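Novice: My structure is below; once you've seen it, I'll send some questions.
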Amino acid sequence: MFERFVAAPGTRRKGAKRTTTLLAHSRRALLIPAVTLLLVAAACAPASSPTPTSEPTQTPAPEPTWTPVSVSTPTPEGPQVATVEGLVMMDNDQLIIGVDWPSKSRITYLVQGGDVDTVRRFLGETARVTGEVVDRGPWLKEMVIHAAEASTAEDRLSMRSGFIKEMGISIYLEGTHLLTDRAGNMICVLSGRKSGLDLDSHVLKGQVAVTGTMTKTVEGNAQIMEVKIVEKAE
């Protein structure tokens, strides 16, 4: 009832080939626009800028630490108890003790209190004195007296003040000059032979203070001083 049309065999193969070609063209037609869109999108996309790398953070160098050192301020030394042996004498109204008095490195101790009367008993002689000493310099000290006693040293010094005179004819078998007071009374016999002092240069030159070692004369029961120093008396 219905008419059946059957295509011839050659005609069927030609139709299938045409269909395949059309599909290929369709796919190619779809592929080209897609690629084009991708290229356009890629061109329009903003260029990615490189991510800046953060600079390395510099760690500050640690500040040097130091420990404060306490420096003690030197304080003057307080009095120290000492014993000295020296010549007791007066310098104007000041009682002093002279140590190594004949030398250029003589040291003067100013008596500043304590048992002053005990020291005063040895005026003009060498004494061994103990007391509290305060330094006032390399050649000057102060002393508060605790005790004093006569020196027993063989070369202990003595000091006498007066006027030097030529001895002349005398009963004394020693010495070359005399030391007298203002009235002319003899204090002691003087000799400068061992020290080489020229005592003649001090004759009639006013009052002087002579320092030396004192001994007894062989004759006349007097004292003779071997003079080491002659100084003008104050």
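Novice: Would you check if R193 is basic (K, R), surrounded by fewer than 11 Cβ atoms within 10 Å (Cβ to Cβ) and in a loop (DSSP other than H, G, I, E, B)?
Specialist: no
Novice: Residues of region 125-175 being over 15 Å from G98 (Cβ atoms), touching a Lys or Arg at 6+ places or on another chain (Cβ under 8 Å) and aromatic (F, W, Y), which ones?
Specialist: Of everything in region 125-175, just one residue is over 15 Å from G98 (Cβ atoms), touching a Lys or Arg at 6+ places or on another chain (Cβ under 8 Å) and aromatic (F, W, Y), namely F163.
Novice: Does region 157-167 include one or more residues that are modelled with pLDDT of 95 or more and farther than 19 Å from M186 by Cβ?
Specialist: yes
Novice: Looking at region 123-138, can you tell me whether even one residue there is over 39 Å from the mean Cα position of the chain (by Cα), in a strand (DSSP E or B), under 16 Å from V84 (Cβ atoms) and of a type outside the set (G, A, S)?
Specialist: yes
Novice: Conditions first: (1) open to solvent by 20 Å² or more (accessible area, probe 1.4 Å); (2) at pLDDT below 95. T108 passes all but one, so which condition is the exception?
Specialist: Exception for T108: condition (2).
Novice: Show the residue pairs meeting these rules: Cβ distance below 7 Å; 6+ apart or different chains; first residue within region 162-189 and closer than 14 Å to V208 by Cα and among the hydroxyl-bearing types (S, T, Y); second residue outside any loop (DSSP other than H, G, I, E, B) and open to solvent by 30 Å² or more (accessible area, probe 1.4 Å).
Specialist: Matching pairs, first to second residue: T180/F163; T180/K165; T180/M186; T180/I187.
The values are calculated or read from the model by the stated rules, or taken from the named source; none is laboratory data. Just so you know, these numbers come straight off a predicted model, no measurement behind them. A quick note on method: Cβ atoms are made from the backbone with ideal geometry, for glycine too, and the neighbour counts reach across all protein chains shown. Heads up: the accessible areas ignore ligands, DNA and RNA and are worked out on the full protein's heavy atoms, side chains in. Shrake-Rupley method; radii C 1.70, N 1.55, O 1.52, S 1.80 Å.
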